[in-house]
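Worksheet for the structure shown next.
The values are calculated or read from the model by the stated rules, or taken from the named source; none is laboratory data. What you see is a predicted model, and the numbers here were worked out from it, not measured in a lab. Here the Cβ is made from the backbone with ideal geometry for all residues, glycine too, and neighbour counts use every protein chain on show.
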Amino acid sequence: MPNQPTLIFVYNADSGMFNTLADIGHKIFSPESYACSLCAITHGYFHERKEWRQFVEALPVPCRFMHRDEFYQSYPHSQEKLPAVFLLQEEILHCCVSAEQLETCDNINQLKQRIMDSCIKHPRQ
């Protein structure tokens, strides 16, 4: 039986308490230059947005969330610019929402629609 597809959301930020605090400061004091559009849309300054959490919990596939350092440790050969959303299917990683596509999302509704269209309804297109 094939493995169930999994969505992997990868933030363009490293893990760890210091990095988290630095990211919070960056979002507060210089939001226009913040490097992670995925985090900017899905999180406030201190926590994940409720609407985002509800959306993720309702998706028909399991989801994983990774920081940049965790992702490259698990997938060292990936050349995809981050942040990005990947579909892991049968041990093959496919980028279904690129960093460039995430940049075009101005709000959480556009992000949700992009994920539904590119990762759920029509994966690999």
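Of all the listed residues (LEU93, LEU87), the sole one being closer than 14 Å to LEU7 by Cβ, touching a helix residue (DSSP H, G or I) at 6+ places or on another chain (Cβ under 8 Å) and in contact (Cβ under 8 Å) with a residue 24 or more places away in the chain is LEU87. Considering only residues in segment 57-84 that are in a helix (DSSP H, G or I) and either of a type outside the set (A, V, I, L, M) or in contact (Cβ under 8 Å) with a residue 24 or more places away in the chain (or both), the one that is surrounded by the fewest Cβ atoms within 10 Å (Cβ to Cβ) turns out to be GLU57.
Check whether at least one residue in segment 5-25 is in a helix (DSSP H, G or I), modelled with pLDDT of 90 or more and of a type in the set (Phe, Trp, Tyr), and report yes or no. No, segment 5-25 has no match at all.
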